[in-house]
C-alpha cells in the first residue's frame, strides 16, 4: 500500500491556509488505498512528521510576513522524513511550496509528488512573467507595471506619480509573488495607492500594479483525466460581499462571497473561459490540476493569473467545481495521487 506524505505549512505568509488545505487532504485520502502521514513545516521553520488525526482543526487567517529560516541542519533533518514517502501530496500555497522550490528538491530526491513541476510552478507564481506567457499564447491580460520595494521606499511620491501616468486609476496593487489575495488592494486615489504599495511591499520584493478590469469575476479549474489529459471543470462565478474584489476575507470567511457553480453565463462565455483555462494549463506545462482566474469583459476573458496548487480548504473553489462535475473530494485527492504515481512511472521508463 503506497505511503502518502501530505506536506503543509511552510515559510510563506499563506502558512495557515496551507495547514487548512493539508488537513482536509489528509482526512480525505482513502485509507483502504494509502498509508497517510502529514509532514508539517511549522511557524518556527522546523519539519515534523505528524499523525493526521493530530492535525488541529483551524480556519485560515492572514499571516504578516514570512518565517525566519532556521539553521540548515534543521531543514536537512526534516528532509530525511521524505525518504519514507512513495508519493508526496503538496498542500502548500505561496513561496517555497508553490513556486517550484520544493518541487525541484523532490525532483532531485526522485520522489513523486502531486501537481506541476518546477518550471510551471515558478512561472505561474511570478505574476509578471506569467502575463508574458499568457500574451504569447493569445490570452488577454490587464495592463500594468512592476515596481521594486527599493523604488517604493526610496521615492514613494515619484513612484506613485509614474504609476498614475502609466497605469491610471482605479488600479489593483498586489505582491508580484503570492496568493490568497494577501497584500492585494483596490485603489481609487493617489493616497490609497501610496498605502497599498507599502502594504504589498511587506509581502514581496516586487509589486505589480495593474488596471482594474471591469466585468464578471470567474475562475475555471482544470483537472487531468486518468490518462493525464487536461479537462475543464465547471466555471465558477464569484460575487464578493466583504470587499470590492475577491480578497482574503471573501475567500475564507463564511459568507464572504457567493461562489456560484456553474456560473450564470451563456454557453458561449463558458466555452471561451474553459478554453482560456485549458490554454493556460497547457502553455505553462501544468500537471494534475490548475485554476485560472479571469474577468469576463466585452473583449472576452481577461486572464489574471493561474494557480498551480489551488486551495483545498472547505471554502476552496476547485473542490466545489469538481463536486459539481460529480467528483467528490475523496475521489479528487485520490486521482491527484494516482496521477503523480503514474507520471513518475512513465518518466522512469524514458
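The numbers here are math on the coordinates, done by the rules we state, and not lab data. Here the structure is a predicted model, which is why all the values come from computation and not from measurement. Counting neighbours? That spans all protein chains shown, and the Cβs are built from the backbone with ideal geometry, glycine included.
Values for this structure:
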| quantity | calculated |
| --- | --- |
| Folded to 0 to 90 degrees: helix 329-348 orientation relative to the chain principal axis, Cα | 80 |
| Under the Debye formula (equal points on every Cα, no solvent term), log10 I(q)/I(0) of the chain at q = 0.09, 0.13, 0.15 Å⁻¹ | -0.47, -1.00, -1.33 |
| Cβ-Cβ FRET estimate between residue 140 and residue 107, R0 fixed at 30 Å, reported to 0.05 | 0.35 |
| Cα Rg over Rh - segment 144-211, Kirkwood | 0.91 |
| DSSP bridge orientation in the chain - percent antiparallel, rounded to nearest 5 | 75 |
| FRET efficiency for residue 214 and residue 119, using Cβ-Cβ distance with R0 set to 30 Å, rounded to 0.05 | 0.35 |
| Label-point gap, in nm, between residue 194 and residue 275 - each point 7 angstrom along Cα→Cβ | 4.7 |
| Distance in nm between pseudo-label sites at residue 325 and residue 164 (7 Å out along the Cβ direction from Cα) | 4.6 |
| Cα-based helix-to-principal-axis angle, 15-28 vs the chain, degrees rounded to 10 | 40 |
| In degrees, nearest ten, helix 267-284 long axis to first principal axis of the chain (Cα) | 70 |
| Ranking of 273, 220 by count of other Cβ atoms within 10 Å, fewest first | 273, 220 |
| FRET efficiency, residue 48 to residue 229 (Cβ-Cβ, R0 51 Å, nearest 0.05) | 0.85 |
| Relative counts (whole %) of C-alpha pair distances in segment 3-115, using bins that are 5 Å wide | 2, 13, 24, 27, 21, 10, 3, 0 |
| Simple spin-label estimate for residue 205 and residue 298 in nanometres, 7 Å along Cα-Cβ | 4.2 |
